[in-house]
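Encoded as structure tokens, the structure appears first; notes follow it.
Where a number appears in this text, it was derived from the coordinates with a stated rule and is not lab data. Source: prediction; values computed, not measured. Please note: Cβ atoms are built from the backbone with ideal geometry, for glycine as well, and neighbour counts cover all protein chains shown.
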Amino acid sequence: MLYPGVFLLEVDTYTGAIRPIRIRWWTWRPTGVTGLTKYKDGFLCLLQAKVHRLFYIDRSYKVKKRWKLKTVKDGHSIAVKDGKIYIASTGNDSIVEFSPDTGEEEIYWRMNDGEKDTIHMNSIIWINNSIIVSAFGKKAGEQWITAKNGFLMDVTKSKIIKNSLFHPHTLLSIEEKIYLCESARKRVISADGEDILELDRGYVRGLVITEDEIAIGISHARKRSKSTGRQNKMDDELIQSFRSGCGIKVFERRGKEISNAKFKRFIDLYAYSSEIYDLLLV
């Protein structure tokens with residue numbers, strides 16, 4: 001890409017202006033920033049690397065603190081509750097609880113003891129006193145595109161709250177509803193299935209909903225599988241539907257239901273990357 005080492009962008013959805021945020025984290029040979037969440041007077045971001053790092057960054061984009069995460073494997077989403085930080089450790093089907101004051105890590109929850117990614121659990125949020133996760137579910141074949149029975153689970157109660165999802169990502173609680181990206185079906189849905197915003201193309205991941213706008217991340221199809229390293233079948237009709245560049249689709253809200261939103265603009269970010277993992281309102 002034209003901007004190597006840039007993993008964070010500040011994007012103005014009203015004007016389309018893009019500001020690259022340059023942070024010196026290339027020392028750790030990172031593969032990207034995945035999870036983002038608000039924290040104190042700034043935000044947290046998770047840096048994927050051989051040994052993951054968690055960064056606390058203020059509103060002027062200065063690094064205030066950083067921590068090594070020895071337990072996290074292929075980390076994705078992060079959430080904060082009662083001073084603790086919870087990280088979706090996708091590579092070993094676990095949620096890691098991290099104490100920023102002491103630097104201690106412990107497994108808060110795990111699906112199994114195999115130290116492998118078997119369900120691709122990727123997004124987590126706290127709602128009241130429950131932590132909800134999204135996951136792809138089991139693969140029917142060798143690659144994750146065959147996992148078509150994804151689910152949402154309340155791990156606090158060990159209860160599945162929705163299933164039959166095709167690559168769920170980016171859980172968001174707003175206006176007393178849970179919203180998520182159903183990435184492979186190219187849409188944003190409410191967990192109750194009553195409110196759906198359909199998109200025409202792109203792998204949908206990353207979501208912000210405000211009173212007047214909806215911002216949705218669109219990622220380009222991967223030529224090579226991240227999990228297996230094998231070439232994806234780029235002539236497959238489904239994969240072809242993900243070949244639409246990388247950027248943010250912005251919609252104007254018209255009423256409470258997201259299904260009534262009207263498309264406003266597409267902000268092209270393909271010069272920076274082919275994939276978006278997360279969006280955060282700053």
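What residues qualify as long-range amide H neighbours of L269, i.e. H under 5 Å apart, gap of 5 or more or another chain, H built at 1.01 Å from N?
Amide H neighbours of L269, under 5 Å, 5+ apart: C246, G247, I248.
Provide the per-residue ³J(HN,Hα) series for the stretch 195-206, in order, calculated from phi with Karplus coefficients 6.51, -1.76, 1.60 and θ = phi - 60°, each as a whole number of Hz, with x at glycine and proline positions.
The phi angles translate into 10, 9, 10, 8, 10, 7, 8, x, 8, 8, 7, x Hz.
Just flag the trypsin sites (Lys or Arg not before Pro) in the stretch 23-115 sitting in loop per DSSP whose Cβ has no more than 16 other Cβ atoms within 10 Å.
R24, K40, K50, R59, K62, K70
Using amide H atoms built 1.01 Å from N in the peptide plane, name the residues 5+ places from Y39, or on other chains, whose amide H lies under 5 Å from its own.
Those lying under 5 Å, H to H, from Y39 are L44.
Given H placed on each backbone N at 1.01 Å, which residues far from I127 in sequence or on other chains put an amide H within less than 5 Å of it?
Close amide H contacts, sequence-distant or interchain: I132.
Which order results if H169, H220, H52 are arranged by neighbouring Cβ count within 10 Å, fewest first?
With the sparsest Cβ surroundings first, the list reads H220, H52, H169.
Calculate the radius of gyration of the Cα atoms of the chain to one decimal place, then report Dmax, the largest Cα-Cα distance, as a whole number, both in Å.
Cα only, the chain: 17.7, 50 Å (Rg, Dmax).
Given +1 on the Cβ of Lys and Arg, -1 on the Cβ of Asp and Glu, and no further charges, what dipole in debye does the chain carry about its Cα centre, rounded to the nearest 20?
Dipole about the Cα centre, nearest 20: 940 debye.
What is the distance in Å between the Cα centroid of the stretch 113-186 and that of the stretch 9-78?
22 Å
Could you pull the Rg and Dmax for the stretch 16-175, using just the Cα atoms, both in Å?
15.9, 45
For S190, S130, what ranking results if the residue with the fewest other Cβ atoms within 10 Å of its Cβ goes first?
S130, S190
Short version: ³J(HN,Hα) in whole Hz for each residue of the stretch 58-70, in order, from phi by Karplus 6.51 cos²θ - 1.76 cosθ + 1.60 (θ = phi - 60°), x for Gly and Pro, what are they?
Running phi through 6.51 cos²θ - 1.76 cosθ + 1.60 with θ = phi - 60° gives 7, 5, 9, 6, 9, 6, 8, 6, 8, 9, 7, 10, 7 Hz.
Ordered by residue, what ³J(HN,Hα) values in Hz, to whole numbers, does the stretch 106-118 give under the Karplus form 6.51 cos²θ - 1.76 cosθ + 1.60, where θ = phi - 60° and Gly and Pro are x?
Karplus-based 3J(HN,Hα) across the stretch 106-118 equals 8, 6, 7, 7, 9, 7, 7, 9, x, 6, 10, 8, 10 Hz.
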